[in-house]
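Accompanying notes for the structure given below.
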Amino acid sequence: MTVLSQTVPRRPRVSPTVLLGLGLATIIVLASLLAPMLAPFDPLRMAAGPRLAAPSLAHLFGTDEFGRDLFSRVLAGGRLSLGIGISAVVSGLLVGGVVGLAAAFGGRLTEAVLLRVIDVLYSFPDTLIALALVAFLGPGIENATLAIAISLVPFYARVTYGLAAAERSKPYIEAARLAGIRSGRLVRVHVMPNIGQSLVVMATLGFSSAILSAAGLSFLGLGVQPPSPEWGAILASGRNYITKAPWILIFPGLAICLTVLSFNLIGDSLRDLADPRRKARS
Amino acid sequence: MNRPHCLAVENLRKSFHSGGRVVRALNGVSLQLHQGETLGVIGESGSGKSTLGRIAVGLDTASAGSVMIDGERLEALTPALRRQRLRTCQMIFQDPYSSLNPRLTIGRQIGEGLLSAGMSDWRAIRQVVEDLLERVGLKREMHDRYPHEFSGGQRQRIAIARALAPGPRIVVADEPVSALDVSIQAQILDLMAELQAEKQLSYLFISHDMAVIARLCDRIAVMHRGRLVETGPARSVIEAPAHPYTRMLLDAVPRFGRRRSGARPVSVTLPQHGDDDVLVTIADGHQVLRSNGS
C-alpha cells in the first residue's frame, strides 16, 4: 500500500501585501518595545525644545505646545497603544471563545439563550459599547482596556460559535460522540485544534479595531489621561494647533493609521490562507 | 429467520422543518436486525435510509416511534443508560475524508473509543489499537500518522478500526464504500464480512447500490419516500421483486437488469402510499407494501 502525498502542504506564495504588512508591523512593534532606548528625550519632559517647533534634525517629528519631543512621545505611545490592544484582544478572545464554545456545545437551551444575547450585543458598534462602559466605569487606562476587551467579546463569541458550529456537524465529531467522548474532551481534543488557526486570524483583525477604539477613547479624554503619550491623547491635545503645528496631528495619526493597516494586511492574508475553500481537503 | 433481534425500530417517524415546510424523512418504519446478520437498506437519496441509520445509533432522535436494543426501549432509559446501550452501536460513515479528524493521529482517534469504554492507560490502549490496525489490514507503525497520509481505502479501514474499538455488536454502515474506487470497494466489503464472522457483528448496511447490497447482505429492506416498501431475504427480493420500485432499482443494475433483451425500459408509475397501507407477506419472510384499495 502506498502512502499518498497529494496533500503535503504546498509552500504558500508570499504576496507583497503580506510582506508590507509584516514589515510595517515588525518596525512598529520593535520601535515600541525599544522606545526607551530609541527616544532621544523623555516623552514627558517639557521644554525639551522650543514650543510648537516644526520637524527638524533635533526633533524629528517636531515639538508640541509644551515643547515636548513628539518623536519620543509617539514611540512611547506605541507601547501604550499596543499594550492596550494586546491585553484587550487576549482577554476578549478568551472570554468570547469560552462563550462561543459553550453556545456551540452546551445544549440547545444554552445555545439559544447565549446566541440571542450575543446577537443583541453584536448589533452595537464596539466603540459604542466601549464608550458606554467607560462612561460607567470612569476614565483611565485600565478601565479603557477592560471596556475594549468587553466590547470585543460579542465579536469573538460570534466568530468562535460559527467556527465551532461548523465543526460540530462534521462526521469526525459525530464519530467521536458515538465513541462516547463527552463534550469537554470533544472541544479540547477535536474542536480547538481545528479552529485555533482561524481564531488567531480573527485575533489579528480584532487587534487593529482594539487599537482604534483605544485611540478613540483617549481622544475623547476617556482612556489614557494626559500627560501620558497615547496616540489618541496626543491627537486630542494637538487639535487646537491644527493650523499652526499640523505635525502634532500628522505623526500620531500616521502611527495609528499604519498600525491598523499593517495588522489588517496580515489578518487578511492569514484569513485567505486559512480559508477552507482555498485549501484542498485534508 | 427466528434468530433474536438485537436492534429493532418500531413505527419510526421523523420530520424536518426546512424553510417553513415540513419534510417527512420517515413515515412509520418498522425493522428488525437479527443477531449476526447483515440487513441491507436500499433506496434513492432522500428515501430516509440515512436518517434511519442515524436514529439507530443515536445521532438523531425520532419524532415518534421507538428504537430497541436487545428488546429494551431506549426512550424509556435515563440518558446515562441510553448512552451506555448506544455504545454497542457504532457507525461507519460514507466520506472517509471528513470522518477522520485531520489534526489527530489515527492511533489517538481509534484509541479514544477505548478510553471512553473505560481503559485509561495509553500504553495498553496503544497495544489494542495496533492490534486493531493490523486486523484491518494496516501496519502497526502507522499508529502515529495523520489521516492525510492515507488513501481513501486506507482511511475507510481506519474508520472501521475506530468503529470496532469500543467493542460494538451492531455496526451501522452508511454508504461505506460509495466514495471508493470499485476495486477498493470489494476489499473493504470482504474485510467487513471477515470482521462480522470473527466478532459476531450485526450490520445495518445502508446503500443506494444494489450490486454492493447483493454482495454482502442476508436480507434487504427497500425504502422509498420514507416508507419501507419491500423487505425479505436477499435472494428472494432480487429474484422475485414484488414492488414496482424494487423492480425499478434492479432494472438500473446491468447485472440483474431485465434489459439484456434490448427492450427499452417501460416507464412505471410508482404507487403513492398512504399511512394505512400495510406490508403483505408474499413468501417466507418476504413482505411488500400494498396500497389499500388496489
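The values are calculated or read from the model by the stated rules, or taken from the named source; none is laboratory data. Keep in mind it's a predicted model, so treat the numbers as computed, not measured. A quick note on method: Cβ atoms are made from the backbone with ideal geometry, for glycine too, and the neighbour counts reach across all protein chains shown. With ligands, DNA and RNA removed, areas are computed over all heavy atoms of the protein, side chains included. Shrake-Rupley method; radii C 1.70, N 1.55, O 1.52, S 1.80 Å.
Quick notes on this one:
- For region B:81-212, diffusion coefficient by Stokes-Einstein and Kirkwood Rh (Cα), 37 °C, 0.692 mPa s, µm²/s: 221
- Where labels lie 7 Å past Cα in the beta-carbon direction, separation of B:His17 and B:Ala117 in nm: 3.9
- For the protein assembly as shown, Kirkwood radius (reciprocal of mean inverse C-alpha pair distance, Å): 28.3
- Using alpha carbons only: equivalent-ellipsoid semi-axes of region B:1-153, gyration tensor based, whole Å: 32, 20, 16
- Amide H within-cut-off set for A:Ala48, under 5 Å, with H built and near neighbours excluded: A:Arg68, A:Asp69
- Per-residue surface analysis assigns B:Glu141 an accessible area of about 120 Å², computed on protein heavy atoms at 1.4 Å probe radius.
- Interface of A with B. Using a 1.4 Å probe and counting protein heavy atoms only, the two chains hide about 2600 Å² of accessible surface, both sides summed.
- Paramagnetic reach from A:Leu220 in region A:227-270 [backbone N under 15 Å; point 7 Å along Cα→Cβ]: A:232-233, A:236
- Take each peptide in B:40-46, B:201-207, A:16-22, count the other Cβ atoms within 10 Å of every residue, and average; sorted highest first, the result is B:201-207, B:40-46, A:16-22.
- The mean sequence distance of close C-alpha pairs (under 8 Å, at least 6 residues apart), as a share of the length of region A:150-280, puts its relative contact order at 23 percent.
- Calculated FRET value between A:Thr26 and A:Arg185, using beta carbons and R₀ = 60 Å, to 0.05: 0.95
- In the full protein context, the protein assembly as shown carries 47 Å² of accessible surface per residue, based on a 1.4 Å probe and ignoring ligands, DNA and RNA.
- Considering only B:Val268, B:Ser183, B:Gln200, the residue lying farthest towards the positive end of the dipole of chain B is B:Val268, judged by Cα position with unit charges set on Cβ.
- Gyration tensor over alpha-carbon atoms, region A:89-172, equivalent ellipsoid semi-axes in Å: 27, 12, 9
- Check: chain B dipole with +1 on Lys, Arg Cβ and -1 on Asp, Glu Cβ, in debye: 360
- Shape analysis of region B:97-167 yields a ratio of the Cα radius of gyration to the Kirkwood radius, Rg/Rh, of 0.92.
- Degrees between helix B:106-116 axis and first principal axis of chain B (Cα, 0 to 90, nearest 10): 80
- Both radii were evaluated on the Cα set of chain B; the Rg over Rh quotient, with Rh as the Kirkwood radius, amounts to 0.99.
- In nm, spacing of pseudo-spin labels at B:Val182 and B:Ala124 (7 Å Cα→C-beta vector): 4.8
- Packing rank of A:52-59, B:170-177, where each peptide gets the mean count of other beta carbons within 10 Å, highest leading: B:170-177, A:52-59
- Taking region B:128-272 and dividing mean pair separation by its residue count, relative contact order in percent (alpha carbons under 8 Å, at least six apart): 14
- Across chain A, the mean sequence separation of Cα contacts (distance under 8 Å, 6 or more residues apart), normalised by length, yields a relative contact order of 24 percent.
- Highest-first arrangement of B:16-24, B:77-85, A:244-252, B:143-151, where packing means the average Cβ count within 10 Å: A:244-252, B:143-151, B:77-85, B:16-24
- Averaged over B:144-156, number of beta-carbon atoms from partner chains that fall within 10 Å: 3
- Candidate membrane-span-like segments in chain A, meaning DSSP H helices with Cα atoms spread over at least 15 Å of their own axis and a Kyte-Doolittle mean of -1.0 or above, are A:16-33, A:70-105, A:108-122, A:126-137, A:141-168, A:192-219, A:247-274, with no membrane implied.
- Dipole magnitude for region B:97-167: about 140 debye, using +1 per Lys or Arg Cβ and -1 per Asp or Glu Cβ, origin at the Cα centre.
- Potential lengthening between B:Arg73 and B:Glu198 on full extension [0.36 nm per residue; Cα-Cα distance subtracted]: 42.2 nm
- For the pair B:Ala252 and B:Arg85, a Förster radius of 45 Å applied to the C-beta separation gives a FRET efficiency near 0.75, rounded to the nearest 0.05.
- Fully extending the segment from A:Asn240 to A:Glu142 would add 32.6 nm, taking 0.36 nm per residue of separation and subtracting the current Cα-Cα distance.
- Whether region B:24-83 is rounded, prolate or oblate, judged on the alpha carbon gyration tensor where a/c under 1.5 counts as rounded: oblate
- Spin-label pair A:Ala166-B:Asp284: with each label point 7 Å from Cα along the Cα-Cβ axis, the two points sit 5.6 nm from one another.
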